[in-house]
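The values are calculated or read from the model by the stated rules, or taken from the named source; none is laboratory data. Since we're looking at a predicted model, the values are computed, not measured. Neighbour counts are summed over all protein chains in view; Cβ atoms, including those assigned to glycine, are modelled from backbone coordinates with ideal geometry.
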Amino acid sequence: MTGRSNRRDVPAWRGGVIAATSTVAVFAVIIFGITSTPGWSKFHESFLSGFHFRKSFPLVLKGFALNVRVFVVAFVLCLILGMIVAVIRMIPGPAFFPFRLIAVIYTDVFRAVPSIVLIYLFGFGVPGLGLDRPWNNPVIWGTVAIVLNSAAYVAEVFRSGIRSIHPSQMSAARSLGLTRVQALRFVIVPQAIRRVIPPLINDFIAVVQSTALLSTLGPLEALRRAQNYASFRFNFTAYLAATLLFLAVTIPLARLGDTLVARQERKSR
Amino acid sequence: MSSAEQGDLQLIELRDVFKSFGKNQVLKGVDLTVRAHTVVGLIGPSGSGKSTLLRCINLLEPVDSGSVFVGGVELTAGGVDADDVRKRIGIVFQSFNLFPHLSILDNITLAPRRVRGVARGAAEEAANVLLERFGLLDKASSFPDRLSGGQQQRVAIIRALAMEPEVMLFDEVTSALDPELVGEVLAVVRELAALGMTLVLATHEMGFCRDVADQVAFLKDGRIVEQGTPAKLFTDPQHPETQHFLRRVIEAGRL
């Protein structure tokens, strides 16, 4: 029993009861409001059909395996490319000017172009060059487009993380004889990564979402399979299946971010 | 330090060193000689250039003109490997600057392992010897956040010592500490001086400086105004600027 609840003479369980009652009431009003709309029964049949969910889920899940392959590869590649671009932008000296320039142009361009446009350009454009298998596969080039787009964001996240480390850390590392690259690798970047976990998770979630855009190139990923199901069976419940599959990845990803941050805090405190 | 042979080796020599940050001229022609196995104290008001002078000695800041010699090698000549120079010069900062993501042991062994290529086991053994000597062995696996300011600063000194430097630079190492923690850090510096290490200390601890230094230089506005033994400089300063500064220090109860 805390001092505050004693003073107000309110038992501790009362807050919990109020919260539960209020939650039930609010959701009851929302559900009642939605289910009493004129088209509810039709909506329920076409979006929330148990029958069509059971029918479509295995198909959509099969498609989702492709989304998983794409975003896992994209995570790894955009981390590597993002870090390379961020570090290039941080290297001083006139000799490195062209590299910094390329890094700046890259970041500006690939952050600015909508990802669906990039996916079109790469997914339809590059296979048009007449390359041999497997390099004529639109999925590969669609993934490349996702990586180039998200790595531009990741690069900026890393760069701001690196810049947020106080210059005295660089001084201390250099004064011990570490080279600039060693100082970045062992002192600056490890601290920067810890600070950028939350924004990185954001970018990862965006990568997961953008795998759905590959449906526009034709491969049978989750959204494409849901679209096919919807157009053959005149029922949209397959989209619910796709929604749940995306949530099944992105929500744990967000929690993983929280866990990593909490672990770092425990470790260095 | 009173042995006769100490005067022969000039470990550090600065000749007519100038350094500006933008329009702000911080060093305006500094000459300074530090002989091996001696302690040189740098005193002077805040902003007089003490820290910049130290940072120029290990090339953390490039000088604008003039020359810096360490162990007879001119650092300011072209083609000198700055990283190689810094290995031989330890520096300890006012704000400790430990690496917060590394344990105390890893803070100390990082440079020996990565710069000098010492094997992990050997580096940790050497670090533990130093930690034990300075009473911090029980902190080896802690992270910097868990340590008091005095403990952090002692770790920073150990981290610099682990590179076995020829000279140690101390940049107001007690200025960021609570008063009751100053003593433990100064005791470490005093021990290093007693062991015959070459030390250059920028400090506001006048009493300590008088005790431990062989030579004291008074800096004002980027110039060394007066230089001499502590006995001479603290009790019979010649230059009016030095007299003025020391009078203010005494009034503040710091000497």
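Which number in (1) part of a helix (DSSP H, G or I); (2) of a type in the set (A, V, I, L, M, F, W, C); (3) touching a residue at least 12 places away in the same chain (Cβ under 8 Å) marks the one condition that B:ALA176 misses?
The failed condition is (1).
For the condition surrounded by fewer than 16 Cβ atoms within 10 Å (Cβ to Cβ) and within 23 Å of B:LEU219 (Cβ to Cβ), what is the one hit in B:ASP84, B:ASP138, B:ASP145, B:ASP64?
The unique qualifying residue is B:ASP64.
May I ask you to list the residues in the stretch A:188-212 that are modelled with pLDDT under 90 and among the aliphatic types (A, V, I, L, M)?
A:ILE193
Table: residues versus (1) touching an Asp or Glu at 6+ places or on another chain (Cβ under 9 Å); (2) closer than 14 Å to B:LEU105 by Cα; (3) not acidic (Asp, Glu).
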| position | (1), (2), (3) |
| --- | --- |
| B:LEU131 | yes, yes, yes |
| B:PHE134 | yes, yes, yes |
| B:PRO144 | no, yes, yes |
| B:ALA160 | no, yes, yes |
| B:PHE170 | no, no, yes |
| B:GLU180 | no, no, no |
| B:GLY183 | no, no, yes |
| B:VAL189 | no, no, yes |
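Considering every residue within the stretch B:158-165, establish whether at least one is free of Cβ contacts under 8 Å to residues at least 24 places away in the same chain, more than 11 Å from chain A (Cβ to nearest Cβ) and not in a loop (DSSP other than H, G, I, E, B).
So far as the stretch B:158-165 goes, no, none of its residues is free of Cβ contacts under 8 Å to residues at least 24 places away in the same chain, more than 11 Å from chain A (Cβ to nearest Cβ) and not in a loop (DSSP other than H, G, I, E, B).
Being of a type outside the set (Lys, Arg) and within 14 Å of another protein chain (Cβ to nearest Cβ) is true for just one of A:PRO127, A:PRO134, A:PRO92, A:PRO98. Which residue is that?
Details: A:PRO127 fails: within 14 Å of another protein chain (Cβ to nearest Cβ); A:PRO134 fails: within 14 Å of another protein chain (Cβ to nearest Cβ); A:PRO98 fails: within 14 Å of another protein chain (Cβ to nearest Cβ).
Among A:PRO127, A:PRO134, A:PRO92, A:PRO98, only A:PRO92 is of a type outside the set (Lys, Arg) and within 14 Å of another protein chain (Cβ to nearest Cβ).
Please go through the stretch B:166-197 and pick out each residue that is closer than 12 Å to B:ILE89 by Cα, within 13 Å of chain A (Cβ to nearest Cβ) and surrounded by fewer than 21 Cβ atoms within 10 Å (Cβ to Cβ).
B:GLU166
Yes or no: B:VAL185 free of Cβ contacts under 8 Å to residues at least 40 places away in the same chain and either acidic (Asp, Glu) or under 23 Å from B:LYS50 (Cβ atoms) (or both)? Before the answer, list the steps.
Details: free of Cβ contacts under 8 Å to residues at least 40 places away in the same chain: yes; either acidic (Asp, Glu) or under 23 Å from B:LYS50 (Cβ atoms) (or both): yes.
So B:VAL185 fits the description; yes.
Out of (1) small (Gly, Ala, Ser); (2) under 24 Å from B:ASP178 (Cβ atoms); (3) more than 14 Å from chain A (Cβ to nearest Cβ); (4) not in a helix (DSSP H, G or I), the odd one out for B:SER142 is which?
(3)
Rundown of residues vs (1) within 14 Å of another protein chain (Cβ to nearest Cβ); (2) more than 23 Å from B:ILE57 (Cα to Cα); (3) surrounded by fewer than 18 Cβ atoms within 10 Å (Cβ to Cβ); (4) in contact (Cβ under 8 Å) with a residue 24 or more places away in the chain, yes/no style:
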{"site": "B:LEU199", "(1), (2), (3), (4)": "no, no, no, yes"}
{"site": "B:ARG210", "(1), (2), (3), (4)": "no, no, no, yes"}
{"site": "B:ASP221", "(1), (2), (3), (4)": "no, no, yes, yes"}
{"site": "B:GLU226", "(1), (2), (3), (4)": "no, no, no, no"}
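Quick one: count up the residues across the stretch A:173-207 that are at the interface with chain B (Cβ under 8 Å from one of its Cβ atoms), touching a Phe, Trp or Tyr at 6+ places or on another chain (Cβ under 7 Å) and either in contact (Cβ under 8 Å) with a residue 40 or more places away in the chain or of a type in the set (D, E, K, R) (or both).
0
Quick check: anything in the stretch A:241-259 assigned to a loop (DSSP other than H, G, I, E, B) and either modelled with pLDDT of 90 or more or touching a Phe, Trp or Tyr at 6+ places or on another chain (Cβ under 6 Å) (or both)?
Scanning the stretch A:241-259, I find no residue that is assigned to a loop (DSSP other than H, G, I, E, B) and either modelled with pLDDT of 90 or more or touching a Phe, Trp or Tyr at 6+ places or on another chain (Cβ under 6 Å) (or both), so the answer is no.
Residues B:ARG35, B:ARG86: which one is among the charged types (D, E, K, R) and in contact with a Lys or Arg (Cβ under 7 Å, 6 or more places away or on another chain)?
Details: B:ARG35 fails: in contact with a Lys or Arg (Cβ under 7 Å, 6 or more places away or on another chain).
The match here is B:ARG86.
Please enumerate the residues belonging to the stretch A:247-269 that are in contact (Cβ under 8 Å) with a residue 60 or more places away in the chain and more than 14 Å from chain B (Cβ to nearest Cβ).
Within the stretch A:247-269, A:VAL249, A:GLY257 qualify.
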